[in-house]
Every structure is written in C-alpha cells, then in structure tokens.
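In what follows, a single structure is set out as structure tokens and then discussed.
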Amino acid sequence: MKIIVAIKQVPARDSQLRLNSAAKWIDEEDLTFEINEPDAYALEEALQLKEKQGAGEVIALCLGPERAGSTLREALAKGADRAIHIVCAHPETLDPLAIANLLAGAIRTESPDLVLTGLQSDDLGSGQTGVIVAELLGSSHATIIMEVLLQADAIRVKRELEDGWFQYIQMPLPAVLTIQSGLNRLRYATLMGSKKAKTKEMRIIEAETLGGQAASLDRIYPPDRQKQTQMLTGTAKEQAVQLVEKLRFEMRVL
C-alpha cells in the first residue's frame, strides 16, 4: 500500500506571535517552526498502517518555503520512505482551494492508495484542504478519523461525532482521510532515523502561480483582550442567586 501524508510546517506552539509591518501575516524573523500537530498524528497513523501490513511505502508531502524542508526531514527521520516538497515562498497568501490544487497535482503523479492529513492546521485552521483534495482527486473521503482498519480492497474507519457518538464507515480505495489529533501516541525521531533521513529521496517541485482564488487574506488582527469587573450587591443569599444566574445564563457553565 502506498500512503501519502500531507503535512504542514507551522510556528512552534509556544511562539510569541507578532504581526508584520503590513498586518497581513505574522513576523517570522525570530520564530521556530515545527510539524503541524494534527498532521503529526496523520504521519504516525500512516507509519503504523505500513508496519501492520509489513510492507508498503509512506511518502511525506509538504507545501511551503525552503525552511519546510526541515519538517520533511523530520518526517523521514520518523520513518517516512521519501518526501515531496512543493516549494512556495508565501503559502499564507493561498486559499485552501489553491493549496489543494497544488497538493492534488503532486498526489496524482504518485497514484497512492491512501492520502492522510491532519484535521486542520494550527495556524489558519480552515479544516478544508483535505476535503478539497479528495474532491479534486475524485476519491472517497471521510473526516475526523479516530481509527483506520485495513481490509482486502477497502478500509473501515471510525469517525468522531458530537456528544461522544461515533460513526463506522466502510470505504473503497483510493481514499482521503483527515485524522483527529490524539489518535495514536507520537513517536520521536531516533538518532539512527535522523542519519537515514539524510540519504532518503526528497523530490522538489516548484509551485506554479494559480489564478482564480476564491478568497484572499487582506489583514489579520490580534485578539482583543478585555477585562470587566461586576460587583454583586445585596445580602449574601441575594448575591449567591445573582452569581448562579450569571454562571448559568451568561457564562453557560452550569
């Protein structure tokens, strides 16, 4: 089985984010970057599926600037067999449809049995890319996947729904799945894996400029933080009643 895992490089989760001078994106000068956490779970699921089969190939696919190569090397060190880097200097300027077009173009050349990606990215969080890729490829797809079981010519997946409910679906191959975070325990790259990663293939594709974007990012804003103090008056009993009402009807925590 050939599995492609679409991963994204994002700022480290503990980064202090500041807007750039144009207020169109964050200032990346002093940031460190890492693999998008939901995509890390997709990679882990792909590696475990390969190990269960005892054969197959896992290909890491990433769209991003030159620095994204380090994230692909990390994926190779964890066990991916080879990598594809779609070099794009400013991926934040592309909408999910444009990104999906570039990813789908690279995926078509490989004809994989399965495409995995994270549920959404930690930076933009649109949650659309994987689904659009499936539509462009004409593949069956499912989202919020908690379990993948391989069958003869199909897969059976477990989807997470609301209020603790789950849905089980049998799907034909090829398929595209978006993986929920927490599906597996993530592995670390070993020293031997890091050494092997240096010799593994990484194919470079230059991204072409795509027209007809459905959306563009004009400006971003930092969260507006506000503090408000309300004083409760009356007797202790009256204050308690007011507090319960606010917790129940305004904050909705009761």
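The values are calculated or read from the model by the stated rules, or taken from the named source; none is laboratory data. All of these numbers come straight from a predicted model, not from anything done at the bench. So basically every Cβ, Gly included, is an ideal-geometry build from the backbone, and we count neighbours across all protein chains shown.
State all residues of the stretch 217-243 that are touching a helix residue (DSSP H, G or I) at 6+ places or on another chain (Cβ under 9 Å) and surrounded by 10 or more Cβ atoms within 10 Å (Cβ to Cβ); if no residue qualifies, say none.
Keep residues of the stretch 217-243 that are touching a helix residue (DSSP H, G or I) at 6+ places or on another chain (Cβ under 9 Å), which gives 217, 230, 232-234.
Passing the criteria: 217, 232, 234.
Do we have residue 98 as more than 30 Å from residue 195 (Cβ to Cβ), modelled with pLDDT of 95 or more, surrounded by 20 or more Cβ atoms within 10 Å (Cβ to Cβ) and among the aliphatic types (A, V, I, L, M) here?
Criteria not met by residue 98.
Which of (1) surrounded by fewer than 23 Cβ atoms within 10 Å (Cβ to Cβ); (2) more than 18 Å from residue 167 (Cβ to Cβ); (3) within 14 Å of the chain's Cα centre (by Cα); (4) touching a residue at least 40 places away in the same chain (Cβ under 8 Å) does residue 127 not meet, given it meets every other one?
Evaluating residue 127 over (1) surrounded by fewer than 23 Cβ atoms within 10 Å (Cβ to Cβ); (2) more than 18 Å from residue 167 (Cβ to Cβ); (3) within 14 Å of the chain's Cα centre (by Cα); (4) touching a residue at least 40 places away in the same chain (Cβ under 8 Å) leaves (2) as the failure.
Could you please let me know if residue 232 is farther than 27 Å from residue 113 by Cβ and either in a loop (DSSP other than H, G, I, E, B) or of a type in the set (Ser, Thr, Tyr) (or both)? Explain how you work it out, then say what you get.
Details: farther than 27 Å from residue 113 by Cβ: yes; either in a loop (DSSP other than H, G, I, E, B) or of a type in the set (Ser, Thr, Tyr) (or both): yes.
It is true that residue 232 is farther than 27 Å from residue 113 by Cβ and either in a loop (DSSP other than H, G, I, E, B) or of a type in the set (Ser, Thr, Tyr) (or both).
Would you please list the contacts, defined by Cβ atoms under 9 Å and residues six or more apart or on different chains, that run from a residue in the stretch 54-80 that is over 18 Å from residue 37 (Cβ atoms) to a residue that is surrounded by fewer than 17 Cβ atoms within 10 Å (Cβ to Cβ) and β-branched (Val, Ile, Thr)?
65/87; 66/87; 69/87; 69/204
Regarding the stretch 125-138, can at least one residue be identified that is acidic (Asp, Glu) and under 20 Å from residue 56 (Cβ atoms)?
To start, the set of residues in the stretch 125-138 that are acidic (Asp, Glu) comprises 135.
Restricting the remaining residues to those that are under 20 Å from residue 56 (Cβ atoms) gives none.
Looking through the stretch 125-138, none of the residues is acidic (Asp, Glu) and under 20 Å from residue 56 (Cβ atoms).
Given the criteria crowded, with 23+ Cβ neighbours inside 10 Å, among the small types (Gly, Ala, Ser) and modelled with pLDDT of 90 or more, does residue 77 qualify? If you could, list the steps in order and put the result at the bottom.
Working: crowded, with 23+ Cβ neighbours inside 10 Å: no; among the small types (Gly, Ala, Ser): yes; modelled with pLDDT of 90 or more: yes.
It is false that residue 77 is crowded, with 23+ Cβ neighbours inside 10 Å, among the small types (Gly, Ala, Ser) and modelled with pLDDT of 90 or more.
Of everything in the stretch 107-130, what is out of contact with any strand residue (DSSP E or B) (no Cβ under 9 Å at 6 or more places or on another chain) and hydroxyl-bearing (Ser, Thr, Tyr)? Give them in sequence order.
Scanning the stretch 107-130 gives a single hit, 126.
Tell me the strands (runs of 3 or more DSSP E) entirely within the stretch 1-52 that contain at least 1 residues that are in contact (Cβ under 8 Å) with a residue 60 or more places away in the chain. Explain how you work it out, then say what you get.
Details: elements: 2-7, 9-11, 33-35.
So the answer is 2-7, 9-11.
Taking residue 173 as the residue in question, decide whether it is surrounded by 11 or more Cβ atoms within 10 Å (Cβ to Cβ), touching a Leu at 6+ places or on another chain (Cβ under 7 Å) and more than 27 Å from residue 73 (Cα to Cα).
On the way: surrounded by 11 or more Cβ atoms within 10 Å (Cβ to Cβ): yes; touching a Leu at 6+ places or on another chain (Cβ under 7 Å): yes; more than 27 Å from residue 73 (Cα to Cα): yes.
Considered against the rule, which asks whether it is surrounded by 11 or more Cβ atoms within 10 Å (Cβ to Cβ), touching a Leu at 6+ places or on another chain (Cβ under 7 Å) and more than 27 Å from residue 73 (Cα to Cα), residue 173 comes out as yes.
Pull up the stretch 56-80, narrow it to residues that are assigned to a helix (DSSP H, G or I) and hydrophobic (A, V, I, L, M, F, W, C), then point me to the one that is farthest from residue 200 (Cα to Cα). Break it down stepwise before answering.
Of the residues in the stretch 56-80, the ones assigned to a helix (DSSP H, G or I) are 66-78.
Subsequent filtering for residues that are hydrophobic (A, V, I, L, M, F, W, C) retains 68, 72, 75-77.
Values: 68: 16, 72: 11, 75: 11, 76: 7, 77: 9 Å.
The extreme case among them is 68.
What number of residues within the stretch 131-168 satisfy the criterion of being exposed (fewer than 12 other Cβ atoms within 10 Å of the Cβ) and in contact with a strand residue (DSSP E or B) (Cβ under 8 Å, 6 or more places away or on another chain)?
Within the stretch 131-168, the first condition is being exposed (fewer than 12 other Cβ atoms within 10 Å of the Cβ), and the residues that meet it are 138, 151-153, 161-166, 168.
Remaining after also requiring in contact with a strand residue (DSSP E or B) (Cβ under 8 Å, 6 or more places away or on another chain): 151, 153, 161, 166, 168.
The qualifying residues number 5.
Tell me, which strands (runs of 3 or more DSSP E) wholly within the stretch 159-220 include 1 or more residues that are of a type in the set (A, V, I, L, M, F, W, C) and in contact (Cβ under 8 Å) with a residue 40 or more places away in the chain? Don't jump to the end; show me each part of the working.
Numbers: elements: 166-172, 175-179, 202-206.
The qualifying strands (runs of 3 or more DSSP E) are 175-179, 202-206.
Quick check on residue 241: is it of a type in the set (A, V, I, L, M, F, W, C) and at pLDDT 85 or above? Give the derivation first.
Details: of a type in the set (A, V, I, L, M, F, W, C): yes; at pLDDT 85 or above: yes.
So residue 241 passes the test.
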